[in-house]
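First the structure, in the form of structure tokens, and then the observations on it.
The values are calculated or read from the model by the stated rules, or taken from the named source; none is laboratory data. Everything numeric here is computed off the predicted structure, so don't read it as measured data. In this analysis, Cβ positions are derived from the backbone assuming ideal geometry, glycine residues included, and neighbour counts consider all displayed protein chains.
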Amino acid sequence: MRREYDVLVIGAGPAGSIAARTAAQAGMSTLLIEKRQEIGSPVRCAEAVGRETVETFIPLNPKWIAAEIDMFSVSNPQGDCVVLPPIEKTLVLERKIFDRELAHSAADAGAEVVVKARAAGLCREPNGLVNVKLVVQGEPREVWARVVIGADGTESQSTRWAGLKPIPQMKNYYVAAQYLMTNVDVDPRICQYHVGWSLAPGGYGWVFPKGDRQANVGLVIWADPGATKTALQYLDDFIAPRFPNSSILAQVVGGIPVTNVLPQMVADGYMAVGDAAHQSDPLTAGGITNGMQGGTFAAQVAVDAIRHGDTSASYLRKYEHMWDAAFGRSYRRLFRIRQAVIKVPEEKISQMIGQAARLDTRKMSLKDILAIVVRVQPQLLLEIAPYFVGQ
Amino acid sequence: MLERSAVGSTRQDVPLQRIIAVDYDHCSYCGACVAVCPPDSITLHDATLIIDHDTCTRCKRCIPACPTGALSLTMEQAA
């Protein structure tokens, strides 16, 4: 480990590794630190990504692809099920291997990767360098970087040190629980979504097949201050009737902000990416490739800034503009959709799913399906529309 | 914020205090509680969750944010 780097990336998840790789490829001296002793473990994710999107970052490799998905299904608690083609062909990943492969690609590009190394504080000095206090293998260390990229996840502390972190509202915070289950009898090419307030209040459940009769079975709920059950208890209730003969191989839990991105993602000499910047999709909370795109944009701007000798927030803000051009509109819309959907009574959504389940939807777009449902049950539209007005 | 009461106290000179307690048998060290803590009183190290009871305001936001129910507000003797 050296004393000084152009770019220091905190956190070797997908967003951090892609940021480090992008910076290193541009010839920047780059340090990528990971607080855990093993990159990619423990997994904290449902592991589904768009095939073409992920391919723009890394060539597809069967060793980290657990399953290829052709269809999606949406079910209500009554058991009605709508099967839909996905917007994009989907892969279920083996994140443990995927994350390690990405960190490997960063190292290959010339980045120095260090595990069991956590950041313990950062401070920008008058000369423009950011001083970062580290704890490496339990020993205190100090390094200086021109730009620090915080990819330290939902529990990010670097965003707080940089003064950027707003605290999410509880209704915009998902609490997630998932089991990796085996002996699961599901169609291995269909990703299932399950909706219903009783099943996952304010969120949804999923069954994502991972091949070999295994599947990620999980759910997200909103962080309800009045809740009587934990996310894990909701999950146990979800699996009990559905997978009575299956075993649990792993348990994954976590929290995901669905607030839309931080109002400010940069400070002087600092940029936040991935979950640290709340870059997960504000409706589904999916965040792998979105974080990777954030990491790419941030590193590109960091490289420019270092070459121009100006790493101030006003220069780095270019990253926020790039993010906004790519995701701003769709994220604002998805955020508004979630705000509306969580107010629609469960039986209305169940009715819509029940109605759509009677159609042969396998070759239809979501828009076509909604159009037919509305034609068959026009009163549903009238009942649901008010929840969306003003959003 | 201190709730002063000698009832249930094992040592009469040390008052009971309301604190957020971690049930380490249930905690998965996922950090879900960290992101919702306004005063940044929770830190997640390698495999330890540490709550700073001096800065904690007992706002209880961390309790529903925990997927496993490992956090609760309990009465404990102050250190």
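Let's see how each residue does on (1) under 22 Å from the mean Cα position of the chain (by Cα); (2) within 14 Å of another protein chain (Cβ to nearest Cβ); (3) modelled with pLDDT of 95 or more:
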{"position": "A:Leu60", "(1), (2), (3)": "yes, no, yes"}
{"position": "A:Val83", "(1), (2), (3)": "no, no, no"}
{"position": "A:Val92", "(1), (2), (3)": "yes, no, yes"}
{"position": "A:Ala106", "(1), (2), (3)": "yes, no, yes"}
{"position": "A:Asn131", "(1), (2), (3)": "no, no, yes"}
{"position": "A:Val147", "(1), (2), (3)": "no, no, yes"}
Residues of region A:193-243 satisfying the condition of being part of a loop (DSSP other than H, G, I, E, B) and at positive phi
A:Gly196, A:Gly202, A:Asp212, A:Arg213
Which residue pairs have Cβ atoms under 6 Å apart, sit 6 or more places apart or on different chains, and have a first residue in region B:37-61 that is more than 7 Å from every other protein chain (Cβ to nearest Cβ) and over 14 Å from B:Ile19 (Cβ atoms) and a second that is assigned to a strand (DSSP E or B) and small (Gly, Ala, Ser)?
none
Counting only residues that are over 17 Å from A:Met1 (Cβ atoms) and at pLDDT 95 or above, how many does region A:17-42 have?
8
For A:Ile33, only one of the following conditions fails: (1) part of a strand (DSSP E or B); (2) within 23 Å of A:Leu180 (Cα to Cα). What is its number?
(2)
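Taking A:Ala276, is it touching a residue at least 60 places away in the same chain (Cβ under 8 Å), assigned to a helix (DSSP H, G or I) and in contact with a strand residue (DSSP E or B) (Cβ under 6 Å, 6 or more places away or on another chain)?
Working: touching a residue at least 60 places away in the same chain (Cβ under 8 Å): yes; assigned to a helix (DSSP H, G or I): yes; in contact with a strand residue (DSSP E or B) (Cβ under 6 Å, 6 or more places away or on another chain): yes.
Spelling it out, A:Ala276 is indeed touching a residue at least 60 places away in the same chain (Cβ under 8 Å), assigned to a helix (DSSP H, G or I) and in contact with a strand residue (DSSP E or B) (Cβ under 6 Å, 6 or more places away or on another chain).
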Restricting to region A:4-30, and then to whatever is surrounded by fewer than 21 Cβ atoms within 10 Å (Cβ to Cβ) and assigned to a loop (DSSP other than H, G, I, E, B), can you tell me which residue is farthest from the other protein chains (Cβ to nearest Cβ)?
A:Gly27
Does region A:112-126 include one or more residues that are facing another protein chain (nearest Cβ under 9 Å), within 30 Å of A:Ala223 (Cβ to Cβ) and in contact with a helix residue (DSSP H, G or I) (Cβ under 6 Å, 6 or more places away or on another chain)?
no
